[in-house]
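What follows is a short report on a single structure.
The values are calculated or read from the model by the stated rules, or taken from the named source; none is laboratory data. What you are looking at is a predicted structure, and each value in this text was computed from that prediction instead of being measured. Here the Cβ positions follow ideal geometry from the backbone for every residue, glycine too, while neighbour counts run over all protein chains shown.
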Amino acid sequence: MMTAADGQTTSTSPPSSPAAFLPPNLPLLSAFLAFALAQFLKLFTAWYKENRWDSKRLISSGGMPSSHSATVVALAFAIGLEEGTGGSTFAIAVVLACVVMYDASGVRLHAGRQAELLNQIVCEFPPEHPLSNSRPLRDSLGHTPLQVLAGAILGCVVAFMMKNSS
């Protein structure tokens, strides 16, 4: 017995453009692009705030805009655009986005503030104290609500632009 699938032939010609090598997955591509753009924008927002270029911002956490928020919101928004908002995939993505953004502006922000305070305390130790030469804790772990909002807006814009360009 032959099915319709058995009668179909597949083309083995090579893809005609470099974009053909990328998976046609709008949510995944939107999430990765939003992350990359947010990390790239941190170079400029750090320069604006500190008047110096800091290439470490390309790979660091914290700062404006939140790349975590941009990533998960782009993912959720792209799923909503592509599959609609009634499915379980969209629900999972929205819950994930809410957890990530809450964590970025809550737990991680406060952990960073505690690290900043601990670093100040350690700096005041006398030189003979065993912890006086300890390496400072990273204090740019989380995001302010404005940084989270900026990342979320960036994620929406990226997903929307990706959907309209496809």
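Would the range 137-154 turn up any residue that is over 29 Å from PHE32 (Cβ atoms) and at pLDDT below 80?
yes
Do we have any residue at all in the range 85-102 that's at pLDDT below 90, exposed (fewer than 15 other Cβ atoms within 10 Å of the Cβ) and closer than 22 Å to ALA46 by Cα?
no
Restricting attention to the range 42-81, and to residues there that are among the charged types (D, E, K, R) and surrounded by 20 or more Cβ atoms within 10 Å (Cβ to Cβ), which single residue is modelled with the lowest pLDDT? Write out each step before concluding.
In the first step, residues of the range 42-81 are kept if they are among the charged types (D, E, K, R); the result is 42, 49-50, 52, 54, 56-57.
Okay, now just the ones that are also surrounded by 20 or more Cβ atoms within 10 Å (Cβ to Cβ), so 42, 57.
Working: LYS42: 88, ARG57: 65.
My answer is ARG57.
Suppose we filter VAL107, VAL122 for residues that are β-branched (Val, Ile, Thr), touching a residue at least 12 places away in the same chain (Cβ under 8 Å) and either under 13 Å from LEU149 (Cα atoms) or surrounded by 13 or more Cβ atoms within 10 Å (Cβ to Cβ) (or both); which single one remains?
VAL122
Scan (1) under 23 Å from LEU37 (Cα atoms); (2) without any contact (Cβ under 8 Å) to a residue 12 or more places away in the chain for the single condition HIS129 breaks and write down its number.
For HIS129, the failing item is (1).
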